[in-house]
Amino acid sequence: MPLRPARCYTQQKKPAYTRKEYIQGVPPPKITKYTMGNPKGEYKYAVKLIATTRCVIRHNALEAARIAAHRYLSATVGEDNFFLVVKKYPHHVLRENKMLAFAGADRLQDGMRLAFGKPIGTAAITMPGDDVMVVYVNNEKHIEAAKEALIRAETKLPEAYRVEVVKLN
């Protein structure tokens, strides 16, 4: 699959870099809440946002998707009528070999010598078929709102996803 231009971190070809106990200076992920809404409700339907390709989702994209979905659901359905769960956690640490880009910078940097990079953020790695977000709703009239919320969240994420409705027992 060819890489799309201007997307540095959506593909990953090396093993995940996750051992935070050995990595100095990993910034905390921007996403802090993974569950929103009413966790104690009786829900009959689950609306899922499912990844269709293997990709890397940065922590700030996950947070933007969570905010977009939660804002739409709380405005249309009401805070007590849904339960939103973000299933992916950003374990993978992203590195960057920062280069200086101003006049005279050639005397201050080493180029590709020892270019392992410093941690700049975290990301979640998704495989095809993984649930990224799930919205639980209790009646059929809220299914369309949950679908629309996940479609709005999908616009904040890289690569392609599909929305699926599952009837719970």
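The values are calculated or read from the model by the stated rules, or taken from the named source; none is laboratory data. All figures in this text were calculated on a predicted structure; none of them were measured in a lab. Positions of Cβ are generated from backbone atoms using ideal geometry, with glycine treated the same way; all protein chains shown enter the neighbour counts.
Give K98, K87 a once-over and let me know the one that is modelled with pLDDT of 95 or more, touching a strand residue (DSSP E or B) at 6+ places or on another chain (Cβ under 9 Å) and within 23 Å of Y17 (Cα to Cα).
K87
Restricting to the range 27-49, and then to whatever is surrounded by fewer than 16 Cβ atoms within 10 Å (Cβ to Cβ) and of a type in the set (V, I, T), can you tell me which residue is nearest to N139 (Cα to Cα)? Of everything passing the filter in the range 27-49, T35 is nearest to N139 (Cα to Cα). Listed by position, the strands (runs of 3 or more DSSP E) inside the range 1-103 whose residues that are closer than 27 Å to E144 by Cα and among the hydrophobic types (A, V, I, L, M, F, W, C) number at least 1 are 35-37, 45-51, 55-58, 82-86. In the range 114-143, of all residues being surrounded by 14 or more Cβ atoms within 10 Å (Cβ to Cβ) and not in a strand (DSSP E or B), the one that is modelled with the lowest pLDDT corresponds to N138. Residues in the range 11-34 that are among the β-branched types (V, I, T) and either at pLDDT below 75 or more than 18 Å from the chain's Cα centre (by Cα) (or both): I23 alone.
If you go through the range 1-10 and keep only what is surrounded by 11 or more Cβ atoms within 10 Å (Cβ to Cβ) and either of a type outside the set (F, W, Y) or at pLDDT 95 or above (or both), you end up with R7, T10. Of all residues in the range 70-87, those that are closer than 23 Å to G121 by Cα and crowded, with 21+ Cβ neighbours inside 10 Å total 1.
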